[in-house]
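Structure, as structure tokens:
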Amino acid sequence: MRSEQQPVGGGTELGRYLRARRAQVTPQDVGLAAGGGLRRTPGLRREELATLAGISIDYYARLERGKETNPSPSVVDALARTLRLEGHEREHLRSLAVLATRTGYEPSIAARGTLRPGVSLLLDSLRPGPAYITSRTNDLLAWNPAGLRLFTGIEDWPANQRNIARYAFLHPAARELFDDWEHTLLGCIARLRALAGTDPDAPDLARLVGELLLKSPDFARLWERYDVKAHAHGQKTYHHPDVGTFTLNYQSMHVEGTPGHRLVTYYAEPATPAHDALVLLDMAAYEPSEGEAESQRRQSADVPDEASPSTSERPASGPER
């Protein structure tokens, strides 16, 4: 199987992004008549995009093929405008244009990184609201009780496999948990795609993307769209098997001074059904699963009762790694 980092046709990440976004803009979107006959190309043709952006067709073709790697800021802005890019999408195009001009580029050596002292205290202070820390590729690094329990069944996975994108695409409970599952998938894709554009050969990214391309047809389908519009705040509705249906506000923010770590926290107005659900979710984290209960029973057979830790003595948050 070919690597997603080097698709057929080669080229640069800038060219791949332009091709993917061009395919999503129809003639009608930019005021052109669809014309008669069958269009072999989804979205705009190269010559249509070039004309609308005010550049030569040959120049644009070379941009897509990676033969031209030094577009001016005015050309980049014209392409962004014609492709109807906004916010993160426009900034991503600019970043790719800058990256394309570099020679001797070396990928970063990404690491999960060491969490700052006091992270557990910070996460606990946000209870009962779910909160967690993720790596730049969405690995779960630390959490408070509800932060882990929010994702039904993820606690049954080994700690080093707990990844929000992996959960959304591969866990059987995810489709029922998220009210808008497709929107959740797009959010996961957006963050990984943005990272792929600026650090395409990162080992941590390559491993995760390779796994999801192999295991999830939905991931493969959405990966080709090249969406990079991530949402740092908003609302999400969950259908949780333990505490029912509730809608939460959420906020995502970078943790300064760390290798791409993000803090994600959820909240609800006090004295509302959603807040009551958070309290229940926080409390439910102390009820051991069947696997945990079996482990405790085995331990109690070998350890005197007075030496066995009680439920209330268990750490409130996940391990810091």
Notebook entry, point to check: Of the numbered conditions (1) crowded, with 18+ Cβ neighbours inside 10 Å; (2) at pLDDT below 90, Ile133 satisfies every one except a single condition; which is it?
Noted result: (2)
Next item on the list: Kindly check whether there is at least one residue in segment 131-140 that is of a type outside the set (Phe, Trp, Tyr) and more than 15 Å from the chain's Cα centre (by Cα).
Entry: yes
Checklist line | Candidate set from segment 1-52 (those that are assigned to a loop (DSSP other than H, G, I, E, B), open to solvent by 70 Å² or more (accessible area, probe 1.4 Å) and among the basic types (Lys, Arg)); member that is modelled with the highest pLDDT | finding: Arg45
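Rundown of residues vs (1) open to solvent by less than 30 Å² (accessible area, probe 1.4 Å); (2) over 17 Å from the mean Cα position of the chain (by Cα), yes/no style:
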| residue | (1), (2) |
| --- | --- |
| Leu121 | no, yes |
| Asp124 | no, yes |
| Asn144 | yes, yes |
| Glu155 | no, yes |
| Glu182 | no, no |
| Ala190 | yes, no |
| Ala196 | yes, no |
Item checked: Hey, Tyr226 in contact with a Phe, Trp or Tyr (Cβ under 6 Å, 6 or more places away or on another chain) and within 30 Å of Ala100 (Cβ to Cβ) or not -> yes
Notebook entry, point to check: Here is a list of conditions, (1) modelled with pLDDT of 90 or more; (2) under 22 Å from Lys229 (Cα atoms), and Ile55 meets all of them except one; can you say which number that is?
Noted result: (2)
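Residues that are in contact with a helix residue (DSSP H, G or I) (Cβ under 7 Å, 6 or more places away or on another chain) and modelled with pLDDT of 95 or more: find the strands (runs of 3 or more DSSP E) completely inside segment 192-273 holding 2 or more of those. Show your work before the answer.
Details: elements: 233-240, 244-254, 262-267.
In segment 192-273, 233-240, 244-254 are the strands (runs of 3 or more DSSP E) which contain 2 or more residues that are in contact with a helix residue (DSSP H, G or I) (Cβ under 7 Å, 6 or more places away or on another chain) and modelled with pLDDT of 95 or more.
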Check: Which one of these does Leu186 not meet: (1) closer than 21 Å to His92 by Cα; (2) touching a helix residue (DSSP H, G or I) at 6+ places or on another chain (Cβ under 6 Å)?
Finding: (2)
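The values are calculated or read from the model by the stated rules, or taken from the named source; none is laboratory data. Being a predicted model, the structure only gives us computed values, none of them experimental. Ideal geometry is used to build each Cβ from the backbone, glycine not excepted, and the neighbour counts take in all protein chains shown. Heavy atoms of the whole protein, side chains included, go into the accessibility calculation; ligands, DNA and RNA do not. Shrake-Rupley method; radii C 1.70, N 1.55, O 1.52, S 1.80 Å.
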